[in-house]
Amino acid sequence: MRIGVLREIKPQERRVALTPAGAASLVAAGHAVSVEREAGVGSGHADGDYVAAGAAVMAREAIFEAELLVKVKEPQPEEVAQLRADQLLFAYLHLAAEPSLAQGLLQRGVGAIAYETVQDEHGQLPLLVPMSEIAGRLAVQLGAQALLATAGGRGVLLGGAPGVLPARVLVLGGGVVGMEAARVASGLGAEVIVLERDPVRLRVLERAFDGRVRTCYSDEAALEALLPATDLLVGAVLLPGREAPKLLRQAHIARMPAGSVFVDVAIDQGGCAETSRPTTHQEPTYRVGEVIHLCVTNLPAACPRTATAALTQATLPYLHRLAGGALARAIDTGDWPCWLRTGLNVHGGGLVHPAVAASLGRADVPLPGAAARGAA
């Protein structure tokens, strides 16, 4: 199969969807890999590295001739306009929070598989996990920096000092992002509390941190009690494929101390607060009242070398399957592997992922089984 790797054009996005080593693996399997010129420079991979791996380095227009297009972030409007109905797109899409992007993909008739909705047979999200781990860790690093008085924050150090109490970090959500945020904040010496509703997950967190992090059932009473003394709040809520629930109202944010910081990692899915709006690495923060908000939609782009390597490790096995014709086989036979059934968001001008369709207020869905064979 002809596989094309596009250079990311989203502002301050320095990641690339495939390392040279990943390209070499696909070439060795008999596929033709083309990489847009300078696509890997931001992640430390020169064009020559891809050539040495057996890939072709081409101009942007030529990349769009590929059958399988691979990206990191969602395609921008000018990229959507170049997609074709006979192509397959593999990238982070977050369509529940991007209705205009969803409409554009539907109009182009392209097939689109979203990294963030691919699930394995255990219900895990193997292509979202590595970026969630990085985003959770970065949320605390960047939040700690925003808390400094020199950055406009309330001037507290997460770990405190001898004789001085540490800062309080409140993490909303105990999934992958929340666990990694708690891990880093705890490691820096902060007082950390994780709010979570799933009793199974609460026990997992309790065992993992062995008392170093406190857990609390997430409800209105807990928020009311904890927010007034919270220095750093991390929003780590996820409903796969769906828009993030607005668990934090403006009144909640107003209860936080002046100069405190709220990092909304859920912003890719629309954000978990009424006060959240997307920001960039160039202008990462804004204030609502006296509370600093950091809502960067591509947090892992701040460490592109690490993030690109982690992403390729996760996506490469799935790239091999897609390049080997997994989608065509599933449509022909009606036998859909879990990862493909959950990952496919758009096909043939329709939304085929139930959660995405529901979030966008649409009724599209069928594809697997007999309906899929009839549609083929």
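All conditions in (1) in contact with a helix residue (DSSP H, G or I) (Cβ under 9 Å, 6 or more places away or on another chain); (2) closer than 23 Å to Leu128 by Cα hold for Glu79, with the sole exception of (1).
Is at least one residue of the stretch 183-190 touching a Ser or Thr at 6+ places or on another chain (Cβ under 7 Å) and surrounded by 14 or more Cβ atoms within 10 Å (Cβ to Cβ)? No, the conditions are met nowhere in the stretch 183-190. Across the stretch 327-364, the number of residues qualifying as assigned to a loop (DSSP other than H, G, I, E, B) and at negative phi comes to 9.
When Ala66 is tested against (1) under 22 Å from Glu116 (Cα atoms); (2) modelled with pLDDT of 95 or more; (3) touching a Ser or Thr at 6+ places or on another chain (Cβ under 9 Å); (4) of a type in the set (A, V, I, L, M), only condition (1) is not met. As a summary of the residue check, Asp49 satisfies the conditions (1) within 24 Å of the chain's Cα centre (by Cα); (2) buried (at least 18 other Cβ atoms within 10 Å of the Cβ); (3) among the acidic types (Asp, Glu) except for the one numbered (1). Within the stretch 11-30, work out how many residues are more than 23 Å from the chain's Cα centre (by Cα) and either modelled with pLDDT under 95 or crowded, with 21+ Cβ neighbours inside 10 Å (or both). Total satisfying the criteria: 1. Of the numbered criteria (1) touching a Phe, Trp or Tyr at 6+ places or on another chain (Cβ under 8 Å); (2) within 30 Å of Ala244 (Cα to Cα); (3) hydrophobic (A, V, I, L, M, F, W, C), the one Leu101 fails is (1). As a summary of the residue check, Phe262 satisfies the conditions (1) outside any strand (DSSP E or B); (2) over 15 Å from the mean Cα position of the chain (by Cα); (3) more than 14 Å from Glu220 (Cα to Cα) except for the one numbered (1). Given the condition touching a residue at least 24 places away in the same chain (Cβ under 8 Å) and of a type in the set (Asp, Glu), answer yes or no: does some residue in the stretch 50-64 qualify? No, that holds for no residue. Here is a check on your reading of the model: is Thr308 hydroxyl-bearing (Ser, Thr, Tyr) and buried (at least 24 other Cβ atoms within 10 Å of the Cβ)? Considered against the rule, which asks whether it is hydroxyl-bearing (Ser, Thr, Tyr) and buried (at least 24 other Cβ atoms within 10 Å of the Cβ), Thr308 comes out as yes. Could you give me the residue pairs with C-beta distances under 7 Å whose first residue belongs to the stretch 19-35 and is within 12 Å of Leu316 (Cβ to Cβ) and assigned by TED's automatic domain parsing to the domain that holds Arg7, whose second residue is assigned to a helix (DSSP H, G or I) and among the polar types (S, T, N, Q) wherever it lies, and which are 6+ apart or on separate chains? If the second residue must be assigned to a helix (DSSP H, G or I) and among the polar types (S, T, N, Q), the pairs left are Thr19/Thr308; Thr19/Thr312; Gly22/Thr312.
Listed here are the residues, each with its yes/no results for (1) not assigned by TED's automatic domain parsing to the domain that holds Leu227; (2) not aliphatic (A, V, I, L, M).
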| position | (1), (2) |
| --- | --- |
| Thr285 | no, yes |
| Ile292 | no, no |
| Thr315 | yes, yes |
| Tyr318 | yes, yes |
| Gly325 | yes, yes |
| Gly349 | yes, yes |
| His353 | yes, yes |
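A single entry from Asn345, Asn298 fulfils the requirement of being within 19 Å of the chain's Cα centre (by Cα) and modelled with pLDDT under 95: Asn298. Of the residues making up the stretch 287-305, just one is assigned to a helix (DSSP H, G or I), surrounded by fewer than 20 Cβ atoms within 10 Å (Cβ to Cβ) and of a type outside the set (Gly, Ala, Ser), namely Arg305. Can you work out which of the residues in the stretch 254-286 that are more than 30 Å from Gln119 (Cα to Cα) and touching a residue at least 60 places away in the same chain (Cβ under 8 Å) is surrounded by the fewest Cβ atoms within 10 Å (Cβ to Cβ)? The extreme case among them is Gln282. Of all residues in the stretch 215-239, those being loosely packed, with under 14 Cβ neighbours inside 10 Å and not hydrophobic (A, V, I, L, M, F, W, C) number 5.
Based on what the data block shows, is Val33 surrounded by 24 or more Cβ atoms within 10 Å (Cβ to Cβ), out of contact with any Pro (no Cβ under 6 Å at 6 or more places or on another chain), modelled with pLDDT of 95 or more and over 20 Å from Ser359 (Cα atoms)?
Values: surrounded by 24 or more Cβ atoms within 10 Å (Cβ to Cβ): yes; out of contact with any Pro (no Cβ under 6 Å at 6 or more places or on another chain): yes; modelled with pLDDT of 95 or more: yes; over 20 Å from Ser359 (Cα atoms): yes.
Spelling it out, Val33 is indeed surrounded by 24 or more Cβ atoms within 10 Å (Cβ to Cβ), out of contact with any Pro (no Cβ under 6 Å at 6 or more places or on another chain), modelled with pLDDT of 95 or more and over 20 Å from Ser359 (Cα atoms).
When restricted to residues that are within 21 Å of Ile134 (Cα to Cα), over 16 Å from the mean Cα position of the chain (by Cα), at pLDDT 95 or above and not charged (D, E, K, R), the stretch 281-295 contains 3. Condition check for Ala114 on (1) in the same structural domain as Pro240 (by TED's automatic domain parsing); (2) touching a residue at least 24 places away in the same chain (Cβ under 8 Å): one failure, at (1).
For the stretch 169-253, give me every one of the helices (runs of 4 or more DSSP H) that falls completely inside it and has 2 or more residues that are under 19 Å from the mean Cα position of the chain (by Cα), assigned by TED's automatic domain parsing to the domain that holds Ile267 and in contact (Cβ under 8 Å) with a residue 60 or more places away in the chain. Quick ask: steps written out before the conclusion?
Details: elements: 176-187, 199-209, 220-226.
In the stretch 169-253, 176-187 are the helices (runs of 4 or more DSSP H) which contain 2 or more residues that are under 19 Å from the mean Cα position of the chain (by Cα), assigned by TED's automatic domain parsing to the domain that holds Ile267 and in contact (Cβ under 8 Å) with a residue 60 or more places away in the chain.
The values are calculated or read from the model by the stated rules, or taken from the named source; none is laboratory data. As the structure is a computational prediction, the values presented were derived from the model and not from experiment. Virtual Cβ from ideal backbone geometry, glycine too; neighbours counted across all protein chains shown.
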